[in-house]
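Here the structure comes first, spelled out in structure tokens, and everything after it is commentary.
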Amino acid sequence: MQKDFPENMAVIATWQRMEDWVAWKNSETRKTYEAMLEIYQTRPTQYEEYHLGTSFLRES
């Protein structure tokens, strides 16, 4: 996929709990950072959630 879209960037973060990630994703602080970065983006940010070491799947 990276070869087809060389402008893509992956940011990987780890969180202790999914609830913590959701709280960060919805926070005003994160929204401020997102707004500052939008001028560099060619399309909206896409999020994908992965759960390491578990079979838990969450519907978006």
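Annotations for the structure displayed:
- Residues of segment 17-48 satisfying the condition of being under 24 Å from Pro6 (Cβ atoms) and not polar (S, T, N, Q): Tyr33, Glu34, Met36, Leu37, Glu38, Ile39, Tyr40, Arg43, Pro44, Tyr47, Glu48
- Selection from segment 34-52 of residues that are open to solvent by 70 Å² or more (accessible area, probe 1.4 Å), at pLDDT 85 or above and of a type in the set (A, V, I, L, M): Met36, Leu37, Ile39
- Residue count, segment 18-33 (criterion: open to solvent by 70 Å² or more (accessible area, probe 1.4 Å) and assigned to a helix (DSSP H, G or I)): 7
The values are calculated or read from the model by the stated rules, or taken from the named source; none is laboratory data. Fair warning: this is a prediction, and the values are worked out from it, not measured in the lab. With ideal geometry, Cβ positions are generated from the backbone for all residues, glycine too; neighbour counts draw on all protein chains shown. For accessibility, only protein heavy atoms count, side chains too; no ligands or nucleic acids. Shrake-Rupley method; radii C 1.70, N 1.55, O 1.52, S 1.80 Å.
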